[in-house]
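Take a look at the structure set out below.
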Ligand SMILES: *Cc1c(COP(=O)(O)O)cnc(C)c1O
C-alpha cells in the first residue's frame, strides 16, 4: 500500500500524502454538494502545496485564518472570491491584503474588528463583504481544547448582541452584510451537535426575520471527524450523513447560500508521518521504540491526547511486541502512543503514523533546532 522502495530513499521523518485517496475524498464531497451549497477547505489543517493544488483543482473554495494562508491559497490557484477569512485577531496588514485580493467574505468576530475593516475598506475605496461569527452556545462533545462554540470560548459574537451588530454593519458605507457564520468545534463524529447547531440557526433566523433582516449566506463551519482507530477500514469520512444532516436541518430560501468549512475530514486520512526507528530501549518497566520523528513533527498526541494508529511498515515478522513509541525531544510529553502492540520492531524499521494529514505537518516546529519534516506526495 505504501511505496516502501521510494520511502527507503528519503530522509526521515517525512510526511507522505496519498493523492489518490485525497482525490477520492474530494469526489465523495462533491457528490454531496446540493444547490446553494459552497464547500470551503479549511486551509489551516494542511497547507502542503501539492495538497492545496489538488483541492483547488477540485473546485472547492477555502477558509483562511491568516494573511499567510490567503497568500498560500491564491498561490495554489484558489479564486479570491471563494476565500472566506475568519479569526478573532486579524491584523491590519492581513485585512489590507484580503481587501486588495478581493476575497469573498470576512467572518467577523467582534465590533472593534468590524470598525477597522470598515475604516480600511473606506480608505481603499473598496467594499468588504462580512458575515458575523455568532457563538451559538452549542457544546461540541470533543476534547476541551477543540470546542469553540460554547459561551465561555473566545470565539464569535454573543447571540444577544447579534441584531445590534448587524444593524451597525448595515449603517457602514464600506460594509456589505451577507449573513451568519458558526463553527462549533472539531473531530465530531456523531451528528447530534450539528443537529443542535441547525436548531439554533433556525431560532436565530426566525429572530432576524422578525427584525426584517435578510440573510443571504449561512456558514456552518466545519468539524466533521475521522476514524483515527481504523484508517484502512474508513479512509473516507461519512460525508453523506454530514450533508444530509444539514439538508434536513436547514431549509434554504431561494437564492440563499449554505457554506461549509471542512478541514480535517478532507485531508487527515491521506497523510502519514513516516519515521525510522533509531533504537529499541528496554527500560525498568517499559520497552521503548525511539524514533526520529517527535512532537516537533506531529504535536497532536502531546497537545490533545490524540490517538494515531502506528504501523511498522517494513517488519517481516509475525511476532508481536509492546512498545511505548516515543520521539527524541527533551520533553516527557514526546510520546506518540503508550503500550502499543505491533510486529517485533528493530533499529532501522520504518513506522507509519497514520491519519496525520490534518494538523500535522503544518503544526511542526523547530524546537530543539530540529529540521522541519520534509514531505512527499504521489
Ligand atoms: C478550524 C476551523 C475549521 C475546520 O475545522 P475542522 O474540524 O478541521 O473541519 C472551520 N472553520 C473555522 C472557523 C475553523 O477555525
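Here, each number is a calculation from the coordinates, and none is a lab measurement. From a predicted model like this one, the values you see are computed outputs, not experimental measurements. Here the Cβ is made from the backbone with ideal geometry for all residues, glycine too, and neighbour counts use every protein chain on show.
The table below gives the values:
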| item | result |
| --- | --- |
| Percent of Cα pairs exceeding the 20 Å cut-off, where the set is segment 18-163 | 54 percent |
| Projected label distance in nm at residue 154 and residue 206, using a 7 Å step from Cα toward the beta-carbon | 3.5 nm |
| Extension gain from residue 4 to residue 20, taking 0.36 nm per residue of separation minus the Cα-Cα distance | 4.1 nm |
| Length released on extending from residue 319 to residue 230, taking residue separation times 0.36 nm less the Cα-Cα span | 29.9 nm |
| Which of 16, 304 has the fewest Cβ neighbours within 10 Å, and the rest in rising order | 304, 16 |
| Amide N of segment 246-288 lying under 20 Å from the label point, which is placed 7 angstrom from the Cα of residue 57 along Cα→Cβ | 266-272 |
| Protection proxy ranking of 129-136, 63-70, 154-161 - average other beta-carbon atoms within 10 Å, highest first | 129-136, 63-70, 154-161 |
| For segment 164-211: rounded, prolate or oblate by the Cα gyration tensor [a/c cutoff 1.5] | oblate |
| Helix 239-249 axis, angle to the chain major axis (alpha carbon atoms, nearest 10°) | 20 degrees |
| Cα-based shape type of segment 1-104, given that a ≥ b ≥ c are square roots of the gyration tensor eigenvalues and the cut on a/c is 1.5 | oblate |
| Computed over segment 19-267, Cα set: Rg, Dmax in Å | 17.3, 54 |
| Relative contact order [Cα under 8 Å, 6+ residues apart], the chain, whole percent | 20 percent |
| Per-pair calculated FRET efficiency, R0 = 51 Å: residue 332 and residue 37 via Cβ, rounded to 0.05 | 0.65 |
| Degrees, to the nearest 10: 67-76 long Cα axis against longest axis of the chain | 80 degrees |
| Label-point separation in nm, residue 213 to residue 288, each point 7 Å along Cα→Cβ | 5.5 nm |
| Spacing of the two label points (7 Å from each Cα toward its C-beta) at residue 378 and residue 251, in nm | 5.3 nm |
| Helix 162-171 axis, angle to the chain major axis (alpha carbon atoms, nearest 10°) | 60 degrees |
